[in-house]
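The values are calculated or read from the model by the stated rules, or taken from the named source; none is laboratory data. Everything numeric here is computed off the predicted structure, so don't read it as measured data. All Cβ positions, even for glycine, are placed from backbone atoms using ideal geometry, and neighbour counts span all protein chains on display.
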Amino acid sequence: MGEDWRNHLSDEGDGTMRIKAHGNMKVDARLVTDQQHLLNHADDRGPEQLVNAAALPGIVGEAWAMADWHFGYGLPIGGVIATDTEAGELGGAISPGGVGFDINCGVRMLALDATESDIPNLKKLAGRLAGRIPAGASGKGGLEINSQQLDDLIQRGAHAAVDFGFGFDEDLAHIESNGLLHTEEPAISTRARERGLRALGTLGSGNHFLELQTVGKTVDAETAEKWGLYEGQLVAMIHSGSRGLGHQVCSDHVRALESRYTSSNGMWVEESWGYSLPDRQLAAAPFHSKEGQSYFDAMNAAANFAFANRSALAHRLREVLRLELGTDGEARVLYDVAHNIAKVEHHHIDGVECKVCVHRKGATRAFGGDHSDITGGYAQSGQPVLVPGDMGTGSWLLAGPKQGTNKAFGSSCHGAGRALSRTKAKKTIDGKALKLELEAKGIRIHASTPNVLAEEAPDAYKDVDEVIALTNRADLARPVVRLNPLAVIKG
C-alpha cells in the first residue's frame, strides 16, 4: 500500500479535485467531485485504483474519474485514461482492465412520435416487452444465427445487423463510430464464439435494462427541439453490451497478460517490455506489440457484436410497439454510445497534438459538434450523451460541447454510479417491497428475481441528479432533458 492519496488532494474549484502525482504516478489524477460528494463516498476504493492507473507506461494528460466512479477491476468504473500510442519503441500501454469485461456495454436511445396517452394498456405493453425481449445471464432466447453470420456481425457490427433485417440504414448515422470498428483477424476463442452464437438480441443481467421513459424537465430547449424532443414524449433506452462473447474476449486476454507478470518488491513486473505496475489487474501490453494489437483487434470485434446486439434489441422493441400501439411510433435512433471501449484518437495535450489510446471504462464519449466523428445532424448541438440513472428516479440526456473538446479527452459520466456493492444491496434492500413501491408510483417493473431488484435499487446508486450537476459544473457535458421511468425490463 502506497502513501495515502488524500495527502496530495486539492480542490481545483471547477467541479474537480486533483490528486498530485506521487509515488509511482506518472501523471496527476482528477476526480469529478466536490468535498461533499467525496465525503459521501469516502469508503470507495476507486480513487486508489485511479492512482494506480496513473502509473501505466505511456500515460499522458491526467487520469480521470467521472462523477459516477466506483470500484471496478483494475481501473475504477468511470475511469478515463489515455496512453501515447507512439511512446517508446512499441507505444504506450493498452490494458484490458482499463476497458472492462463487458466490452462496449452501452446505451441506445430511441425517440417515438407518441406520448404516454397513446399507450392503450401500459401493463400489457410492459408484460409483452418482458416476454419478447430476453433478459438474464443465460442468453436464452437469442436470435438464431449461424457461424458465418456471427463472423459478419463481429466484422461489420450494426451494418451487418441492418443487412440481416435488424435495423434500418438510417439508424447507422446515429451510432457512435457508425456502429462499426475496424478489425483484421480478431483472436476470438471458440468459447467466446459459442457464447455469442446464442446471445444476439438479449439484454443480459445486472444493470442492463430496457426502459420506456417520458421526456420530463427540459434544461436546454434549443437543443431538445433540434433533436426532435418535446415534453411528455415517449422514448426508450436500451442498456446492453457484447454479452458473453465480449466477457470471454476480455477474460481470455486478461488471463494471458496477467500470466506474464511476476511480483517483485511490491510491484508487478513484465521484464521483456520493461513494465512495472502497482496492480496486476492493470496488466497491459505495449499498444503496437503483438499482444497489444491482438487484444485491440478482438476488443473491436466484440464491440461490433455489441453494436449489432443493441440493433437487434431495438428491432425487437419496434416489433412489440407495432403489436401494442398499431405502429412502432416511428421509433428513431436518437443516439447509441459505447461505455467500455479503448479508441485511438487525436487530442491536444500540453498544447501538442498527440495520438492516444483513450480507455473509457464506465464512461462515455462527449464530443463537440465540430468533431469529424460526429454525424447524424449533431454539428450544431454537440454529440448526444446518454446517462441512465436508476429505475426509480430518472435518467438524463446530455450534450457534448457545441465546439471543441472537453478537458477529459472528450469524455463524460455514463450513469449514476454504484453507492452500494451488489452484496450489500441484497443484504439491506427488500426487492419485493421495492417492486410494490415503484409500481405504486406508476412505474411498471419486470425483473427475473427480487435479488436483481435489490441489487439495482435506487438506494444502491448515487444520486443521478448530483452526478449530472457535477458533470455540468466540470464543463464536460451540458444537461438537455431529464427522462422519467415508465416501464422497466431487467435481467
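Can you name every one of the strands (runs of 3 or more DSSP E) wholly within the range 411-491 that holds 2 or more residues which are surrounded by 24 or more Cβ atoms within 10 Å (Cβ to Cβ) and of a type in the set (Gly, Ala, Ser)?
So the answer is 411-413.
Here's a check for you: in the range 1-59, which residue that is touching a helix residue (DSSP H, G or I) at 6+ places or on another chain (Cβ under 7 Å) and small (Gly, Ala, Ser) is surrounded by the fewest Cβ atoms within 10 Å (Cβ to Cβ)?
GLY15
Suppose the filter is modelled with pLDDT of 95 or more, assigned to a strand (DSSP E or B) and within 20 Å of ARG243 (Cβ to Cβ); does VAL80 pass it?
no
Yes or no: the range 176-191 includes at least one residue that is crowded, with 21+ Cβ neighbours inside 10 Å and in contact with a strand residue (DSSP E or B) (Cβ under 6 Å, 6 or more places away or on another chain).
Within the range 176-191, one or more residues are crowded, with 21+ Cβ neighbours inside 10 Å and in contact with a strand residue (DSSP E or B) (Cβ under 6 Å, 6 or more places away or on another chain).
May I ask you to list pairs of residues, at least six apart or on different chains, whose Cβ atoms are under 6 Å apart, with the first in the range 260-277 being without any contact (Cβ under 8 Å) to a residue 40 or more places away in the chain and the second being among the polar types (S, T, N, Q) and part of a strand (DSSP E or B)?
VAL269/THR262; VAL269/SER276
Name the single residue that is nearest to the chain's Cα centre (by Cα) among those in the range 406-423 being modelled with pLDDT under 95 and of a type in the set (Ser, Thr, Tyr).
SER421
What strands (runs of 3 or more DSSP E) completely inside the range 287-369 contain at least 2 residues that are closer than 28 Å to LEU397 by Cβ and of a type in the set (Val, Ile, Thr)?
332-338, 341-349, 352-361
Anything in the range 173-193 that is acidic (Asp, Glu) and at pLDDT 95 or above? List them, or say none. Steps first, answer last, please.
First, pick out the residues of the range 173-193 that are acidic (Asp, Glu): 176, 184-185.
Within the range 173-193, GLU176 is the sole residue that qualifies.
Being touching a helix residue (DSSP H, G or I) at 6+ places or on another chain (Cβ under 9 Å) and either hydrophobic (A, V, I, L, M, F, W, C) or touching a residue at least 24 places away in the same chain (Cβ under 8 Å) (or both) is the filter here, so list the residues in the range 278-291 that pass it.
Once the filter is applied, which keeps residues that are touching a helix residue (DSSP H, G or I) at 6+ places or on another chain (Cβ under 9 Å) and either hydrophobic (A, V, I, L, M, F, W, C) or touching a residue at least 24 places away in the same chain (Cβ under 8 Å) (or both), the range 278-291 yields PRO278, ASP279, GLN281, LEU282, ALA283, ALA284, ALA285, PRO286, PHE287, GLU291.
Which residues, taken from the range 183-218, are closer than 25 Å to ILE445 by Cα and not in a strand (DSSP E or B)?
Answer for the range 183-218, where residues must be closer than 25 Å to ILE445 by Cα and not in a strand (DSSP E or B): ALA199, LEU200, GLY201, THR202, LEU203, GLY204, SER205, GLY206, ASN207, HIS208.
Scan the range 371-402 for residues that are surrounded by fewer than 19 Cβ atoms within 10 Å (Cβ to Cβ) and either among the hydrophobic types (A, V, I, L, M, F, W, C) or at pLDDT 95 or above (or both) and report the count.
The total comes to 2.
Give the residues of the range 32-61 that are touching a residue at least 40 places away in the same chain (Cβ under 8 Å) and either closer than 14 Å to VAL358 by Cβ or part of a loop (DSSP other than H, G, I, E, B) (or both), sorted by residue number.
Across the range 32-61, the qualifying residues are THR33, ASP34, HIS41, ALA53, ALA55, LEU56, PRO57, GLY58, VAL60, GLY61.
Taking the range 219-239 as the search range and keeping residues that are small (Gly, Ala, Ser) and not in a loop (DSSP other than H, G, I, E, B), which one is nearest to PHE307 (Cα to Cα)?
Applying the filter and picking the extreme gives ALA236.
Taking PRO120 as the residue in question, decide whether it is in a loop (DSSP other than H, G, I, E, B) and under 25 Å from HIS414 (Cβ atoms).
So PRO120 fails the test.
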